[in-house]
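The values are calculated or read from the model by the stated rules, or taken from the named source; none is laboratory data. In this text, all values refer to a predicted model and were calculated from it rather than measured experimentally. For neighbour counting, all protein chains shown are included, and Cβ atoms are generated from backbone atoms with ideal geometry for every residue, glycine included.
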Amino acid sequence: MSDNRPDLLVVGIFPPQVVKALQSKFSVHLMNESRDVDAFLSGIADQVRAIAVTYSSTPSNRRIDGEFMRQFPKLEIVASFGVGYDHVDAKWAGAHGIVVTNTPDVLNEEVADTALGLLLCTVRELPQAMRYLQDDNWRRGNYPLTATLRDRTVGLIGMGRIGQAIARRLEAFAVPVVYHSRRPQVGVPYRYFSRLLDMAQSVDVLIVIVPGGAGTRNLVNAEVLEALGPAGILINVARGSVVDESALIAALRDKKILSAGLDVFVNEPDVPKELIEMHNVVLLPHVGSASIYTRAAMGQLVVDNLLSWASGKGPLTPVPETPAMP
Ligand code: NAP
Ligand code: 8YV
């Protein structure tokens, strides 16, 4: 320890204002700036009491699993940037007295906006129409007519914080909403399906907004896509792992579903070539929460969690798997 501030390891790339705020209260070690990561980590392992981590698409980032956390005998808290924390083994952390925090709620509206934007772009082929204009095709004729949101029912896979923000927007579009989750969500007016397959059979759009990780891996598989049917549209703003990517590619290629709008992929930032070359997809580079405003709020919540923990008051937004107090 260089002074009496707690030693904090930063994994992944944080906005500069977050790093600055952390540097004023912690002795900060930036893993992504080290040339020899293993030597860097073993040099600070005995001092690190806190980790700040981003769910990042950069290959240099690491999963915060038991093997990683075990290196730091004094580790007390892992503060993750983002609401999804499938890159952190929270169960292992909880079993070893380490608290994990995430950044819920502050991004709900942004991600819901992105989901609706992606849905509209996918149904009405708006990015494809723009490319048509840019390629100077308009003077040869109008862009072909597209599908519509009218007469569609949307099935949300997940009716949590962001799911409910998406549903509210769909209500304003006069689009009927139904949902699937493991148990009914108290206080929402939408029809609940306990079986995803039943819901896929009765809707025209599926929007995926559940956590990633083992519990949801390949939840949307070939059978679900087949049930969605040839007019069906899949929107994924959750995690790539929730959708069987090979089954999705096959379903799009074989016209088992109409189209897909994807903000997330199995192996980011690698996106399968087959998807990139398809016409009936809209693909985004994981930008669900990526506005200056919302990323600042998420960064601030990471800082506030760490400050609250360091002051002895306990973290503000611990995840359910880990203890609420330091
Ligand atoms: P949340 O409030 O915890 O809601 C999660 C929902 O998923 C709940 O309705 C939950 O209901 C359901 N669920 C969980 N496990 C399930 C399972 N195995 N099968 C079916 N339903 C399941 O989470 P949130 O704040 O809305 O965030 C959701 C996820 O969105 C995050 O975890 C993250 O991965 C993703 N996300 C992506 C972006 C982006 O940039 N694209 C941005 C933010 C978040 P039950 O517990 O009753 O099943
Ligand atoms: C961010 C996200 O892309 O919150 C999440 O779960 O996926 C996004 O908001 C991510 O957290 C940035 O690291």
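Brief remarks follow.
- Test set (1) at pLDDT 95 or above; (2) exposed (fewer than 15 other Cβ atoms within 10 Å of the Cβ) - PRO269 fails condition number: (1)
- Any pair with Cβ under 8 angstrom, 6 or more apart, that starts in segment 141-164 at a residue that is within 21 Å of SER194 (Cβ to Cβ) and without any contact (Cβ under 8 Å) to a residue 60 or more places away in the chain and ends at one that is away from ligand 1 (no atom under 16 Å from the Cβ) and assigned to a loop (DSSP other than H, G, I, E, B): THR153/VAL175; THR153/PRO176; THR153/ASP204; VAL154/VAL175; VAL154/PRO176; VAL154/ASP204
- Condition broken by VAL19, with the remaining ones in (1) free of Cβ contacts under 8 Å to residues at least 24 places away in the same chain; (2) hydrophobic (A, V, I, L, M, F, W, C); (3) away from ligand 2 (no atom under 16 Å from the Cβ) satisfied: (3)
- Selection within segment 255-305 - of a type in the set (A, V, I, L, M) and more than 22 Å from the chain's Cα centre (by Cα): ILE257, LEU258, MET278
- Single residue of segment 66-86 satisfying the filter (aromatic (Phe, Trp, Tyr) and more than 16 Å from ligand 1 (Cβ to nearest atom)) that is nearest to SER241 (Cα to Cα): PHE68
- Filter pass, PRO230 being at pLDDT 95 or above and either more than 8 Å from ligand 1 (Cβ to nearest atom) or within 20 Å of MET278 (Cβ to Cβ) (or both): yes
- Here THR103 meets each of (1) touching a helix residue (DSSP H, G or I) at 6+ places or on another chain (Cβ under 6 Å); (2) farther than 30 Å from LEU206 by Cβ; (3) hydroxyl-bearing (Ser, Thr, Tyr) with one exception, condition (2).
- A count restricted to segment 141-198 and to residues that are crowded, with 16+ Cβ neighbours inside 10 Å, small (Gly, Ala, Ser) and over 18 Å from CYS121 (Cα atoms) stands at 5.
- Subset of segment 272-288 (residues that are without any contact (Cβ under 8 Å) to a residue 60 or more places away in the chain and either surrounded by 15 or more Cβ atoms within 10 Å (Cβ to Cβ) or within 16 Å of ligand 2 (Cβ to nearest atom) (or both)): PRO272, GLU274, LEU275, MET278, ASN280, LEU283
- Inspection of segment 242-255 finds a residue satisfying the criterion of being touching a strand residue (DSSP E or B) at 6+ places or on another chain (Cβ under 7 Å), outside any helix (DSSP H, G or I), acidic (Asp, Glu) and without any contact (Cβ under 8 Å) to a residue 60 or more places away in the chain.
- Residue in segment 30-49 that is in contact (Cβ under 8 Å) with a residue 60 or more places away in the chain and either in a strand (DSSP E or B) or within 25 Å of PRO104 (Cβ to Cβ) (or both) present: no
- Boolean, PRO323 is more than 15 Å from ligand 2 (Cβ to nearest atom), in contact (Cβ under 8 Å) with a residue 60 or more places away in the chain and surrounded by fewer than 16 Cβ atoms within 10 Å (Cβ to Cβ): yes
- Count of residues meeting criterion [within 16 Å of ligand 1 (Cβ to nearest atom) and not basic (Lys, Arg)] in segment 87-97: 4
- Candidate set from segment 237-271 (those that are more than 13 Å from ligand 2 (Cβ to nearest atom) and of a type in the set (Ser, Thr, Tyr)); member that is nearest to ASN108 (Cα to Cα): SER259
- Of all residues in segment 93-115 being surrounded by 19 or more Cβ atoms within 10 Å (Cβ to Cβ), hydrophobic (A, V, I, L, M, F, W, C) and assigned to a helix (DSSP H, G or I), the one that is nearest to ligand 2 (Cβ to nearest atom): VAL111
- Conditions (1) within 11 Å of ligand 2 (Cβ to nearest atom); (2) farther than 30 Å from LEU258 by Cα; (3) among the small types (Gly, Ala, Ser); number of the one not met by GLY84: (2)
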